[in-house]
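A.B. asks: Pasting a structure below so you can have a look.
The values are calculated or read from the model by the stated rules, or taken from the named source; none is laboratory data. Computed from a predicted structure; not experimentally measured. Here the Cβ is made from the backbone with ideal geometry for all residues, glycine too, and neighbour counts use every protein chain on show.
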Amino acid sequence: MKNEPAVPPYHIASVDHALRLLLLLKTKPSIRVAEAADELDVARSTAHRLLAMLVYRGFAAQNPTTRAYHPGPVLIEVGMGALSKLDVRRKARPYLERLVATTGETASLQILEGNHVRFVDSVESANAVRVASRAGVSLPAHASSGGKVLLAGMSLEAVQRLYPHEKLEQVTEATNTDRSTLFEELAEARALGYSVNHGESEPGLVAVGVPLPDRTGIPVASLTIAGPTARMGPEGVNRAVEALREAAKELSESLYR
């Protein structure tokens, strides 16, 4: 290409191939060995070995059914780390405030950090009985609605890397502590497009989370609404889901303009 930078004098082809595959994973939701081989102009066996090394280091994950490769947990975490350094908190704040005004409950923005979620920002409800701001707080992702929708956006292999053991950390009596059950919850969240936390992170609290996708549709953060059980029955949850979906769509478009 005309404006392409010059090849460095000590060019290492294998490193260059791996980096090009990472760029391909960044722009496409999935790639196959044949596609990778064509992109790099190498043999399929070479492309397979390169992808296998990316899987080994967590930068890629392979779907056992389709055999296609997807961004792995490390690559996703890198993207989330970059997102957290953008002005995402400032851009998200008006949407959080609107969610509070619309639902009457506390709204938060979360990102994944390993198998935990970090509350980047929160806006509290004005109600006397409310969920307090958790800005800066970290919680186990499997006990959080926002965490579960982020995990649901990852492949099974990527989640297994984050949860290598069947026993999960217990936060409250309602927290799921079985990895197999978590996989079922993630499948449901993936199908529905949202997740609900019924007292799993704090007794008497119900929270709803939806993913905040990047340009390729991969979740890089989540938006959540949380309130006391008395106000967050089925109708409250449905209102929260509708408001969160609208806010996530608009915020995602704003972030990547």
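A.B. asks: Residue by residue through segment 199-231, note down the ones that are over 22 Å from Pro140 (Cα atoms) and in contact with an Asp or Glu (Cβ under 8 Å, 6 or more places away or on another chain).
C.D. replies: If the condition is that a residue be over 22 Å from Pro140 (Cα atoms) and in contact with an Asp or Glu (Cβ under 8 Å, 6 or more places away or on another chain), then Arg231 is the only one that fits.
A.B. asks: Report, by residue number, each residue of segment 217-226 that is of a type outside the set (Ser, Thr, Tyr) and modelled with pLDDT of 95 or more.
C.D. replies: Leu223, Ile225, Ala226
A.B. asks: Checking Pro140 against (1) touching a Leu at 6+ places or on another chain (Cβ under 8 Å); (2) buried (at least 21 other Cβ atoms within 10 Å of the Cβ): exactly one of these is not met. Which one?
C.D. replies: Failed condition: (2).
A.B. asks: For segment 114-196, which helices (runs of 4 or more DSSP H) that fit wholly inside it have 3 or more residues that are in contact with a Ser or Thr (Cβ under 6 Å, 6 or more places away or on another chain)?
C.D. replies: The qualifying helices (runs of 4 or more DSSP H) are 145-152.
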